[in-house]
Each structure stands twice: as structure tokens, then as C-alpha cells.
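Report on the structure given below.
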Amino acid sequence: MSFNIRSIREISDDQTTKLLSHLAKKASDFANAQSTQDLENKEDIYSNAQDVDAVVKLHSDLIGTKNFTFDVQYYPPTEPDGDKIKLWLKGSNMGNSLTDWSGFDNENTIHGDPVLIDGTPFDYGTNDGGVKSICLRFNRPNSQYENEEYLQITDVAAMRVPPASSFSIFMRFRPKSIEQQGGQSVTLFEKIDDSTPNNGMMLQISDTGRLYWIVKESGVVYAQQTAAGTISIDTVYDVWVTYNGTGNAQKVYVNNVDQTLTTYGGAVNWQSDLTNFDLFIGKRGEGSDGHVYMDFYDWMYNRDHVVTASEVGYHYTNKWTTANIPFGQVMISDYYATSSAVPSVFGYTTTGFTTTGYTAG
């Protein structure tokens, strides 16, 4: 049922006014008919309001479980420490941004539409049932956003190359391709700190499997490379790169192996847009290519500290922290119980609620 509200009560007895009202009704009816003819249900409400695209994705198959037997001792990790760990991202969610586990709440953006997948065979040691890990897959072939997916972290002073100082970066990933993209070596991460740039950092994978670890400090480029064949596809890698401002020394660890490095003599090409100083993970910076088809697990920036070989080994063993904690015994906030003993059962005897009346067993 439909009607025009003007028909309930005439506006005026004036003939001209009545004619205008009648013509307005006819025009309104015609416009409504044109608008509603495309609707599936003529009872729907038609609106010219702003359209909003929204989606909810359910991953019922990406569930892990943990059975607590209370016979395992758990130990707190050193990360996050509220000091040296300035950024810690994990590929554990989709949406517009990733949670920054460092506690510094760095602004970051997920570009494109990467998908969550089962991270097997990698195991965090937190689940004994279901999936052992999850990760974000970037730039899967034939997707709508292929070679448009990456992470962008807003520039902050705490993540710039510190003059005459040191830093360490950890990245866990599984490359699905190491072929060049857009004519550039795939770039695991890159950041410039100024428009020249005089300071910046970049980690690339060549199409032969070399890692190129490049740091530019105060206008001087320091570039090292691993042996050919260091990185291959479909393998999960724990990679640490370090830079020691005292002596400008660089190190690269791959799956707990201190790599032998040689000087990289090729051209060092930073991003084409030298006005954007954000950190980019999964491509070269703004205006450039080098997107990586990969599974992303972790990225962590450790400022004013060069990790030792022992710390790298501890981290590779327990998958979470540079503290010396066994695998599966790292205490995770809101996840693990802290008790290591079987709970006691307390009772009382008929003596009553007295000191001698309680028994414990």
C-alpha cells in the first residue's frame, strides 16, 4: 500500500495551488517508479546514501588447542621489554593493521588483501592440537591484489638508522617465489630516513637465493651478501640481521647459522619516491616494486643492541625470545598458566575450622 501524503489534506482551495500540487505528485510518482524498477523487492527502501564495503571472514579451520597438564614449568620472556624492542609484528590477523606486540602501538597499514593460512610445518610450541601456527600470505598469484600487498609502518625516530649506534632485526617468513618482481629483487623490507637518502636500510633476496643486507649511515653505504643459494622457496626461515655502528660491522644469521658474508658490489637502488620515510615490509618503498610472494610470520626491531650468537640460538630453539628458555616453555600473556605443580586439594576434619582441623592433600 502506498499513498502521497499530500492527498490526505489539500493544501488550499486555490485552483493554481491545487494544480501545482497535483503536478508535483505526478513527478514524484514517476521518479519513484524509475528508482524502484531495478529493485528485486518493491518493498525495499531505496536510498542514495553512501555505500560501505564490509566483509567478515571466518577461519574455522585455523584453530589450535593446548592441554595444560600442570607438570611443565613456564618462564617469562624478555620481549617485549618496553625499551629496546621498538616494533614487533606478527602475521596473526587480517584487517586494516597488525597488532604491535612491542607495546609502542606503532601505526601500520596492511595493503591489499593478504589471507591467513595454516603456517605448518612451523611450530611456535604453543599448541599441542590443531594448527601449530598461522601466518599471512602476501601476493598470491592471480588474486585481485597480486603485487599490491605489503605492510607499511609510519616513520618514527626510534626506527631510523641510529648514527654510530647499533640495531638488530628479526624476520620469520616463507618465500613462495624469489624471482624478480617489476624488474627488482624481491625486498623483505626497506626504509629510508631522509630524502637523499643519507640513512636507510634494506634486505633483499636475489633470484639466485642470496640475501643482500644493505645499510646506509651518514651517506656511506655498507652492503654485504650471503652465498648464492642461501634462500630457497617453500622453506620457513628465521633471519636475523645486525648492524654495529662501532666499526660498521654487519651480520646475517639464517636458521641459527652465522652466514659467511662478502661485499655486495652491485647497484644499490632505493625506493623511487624519496619523500616517504615509512618502513615497508614485503616490498621496496613507496613508488617501487620488489613485492614478495611469501608467508609472513614475524618482524621485530631491536634498537641499541646487537644480538649475540647465543641469543640467536635461544630464539631459534624456543621460537619466541632471546632468553634461554626451552621450546614449549615460554610464558605467553593470556595464554599460558603459570603454575607448574598439580593443584592441592584442601579439606577439614570434624574437629572444625581450627588450625588443627585443616588437612591438606
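Computed from the coordinates by the stated procedures, all read-outs in this text should not be read as laboratory data. What you see is a predicted model; the values in this text were computed from it and never measured. Neighbour counts are summed over all protein chains in view; Cβ atoms, including those assigned to glycine, are modelled from backbone coordinates with ideal geometry.
What the table below lists for this structure:
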quantity: Residue-wise HN-Hα coupling along region 210-215, computed from phi with Karplus coefficients 6.51, -1.76, 1.60 (Hz; x: Gly, Pro); calculated: 7, 9, 9, 10, 10, 10
quantity: Relative packing of 222-228, 135-141, which averages over residues the other C-beta atoms within 10 Å, highest first; calculated: 135-141, 222-228
quantity: Radius 13 Å from Cβ of VAL252, net charge of other residues (Lys, Arg +1; Asp, Glu -1); calculated: 0
quantity: Paramagnetic reach from ALA323 (point 7 Å along Cα→Cβ, amide N under 15 Å) across region 70-89; calculated: 73-85
quantity: Contour minus Cα-Cα distance for THR109 and THR263 (0.36 nm per residue); calculated: 52.1 nm
quantity: FRET efficiency, ASN67 to SER97 (Cβ-Cβ, R0 35 Å, nearest 0.05); calculated: 0.60
quantity: Region 169-184 - phi-based ³J(HN,Hα) in whole Hz, Karplus 6.51/-1.76/1.60, Gly and Pro as x; calculated: 10, 10, 9, 10, 7, 10, x, 9, 7, 10, 5, 4, 10, x, x, 10
quantity: Prolate/oblate/rounded label for region 68-318 (Cα gyration tensor, a/c 1.5); calculated: rounded
quantity: Other-chain or far-sequence residues with amide H under 5 Å of GLN184's (modelled H); calculated: GLY290
quantity: Distance (nanometres) between label positions extended 7 Å along Cα→Cβ at ASN256 and MET331; calculated: 2.4 nm
quantity: Sequence-distant residues sharing a close amide H with LYS66 (under 5 Å, placed H); calculated: ASP128
quantity: Mean-position separation - Cα centroids, region 316-335 and region 228-261, in angstrom; calculated: 22 Å
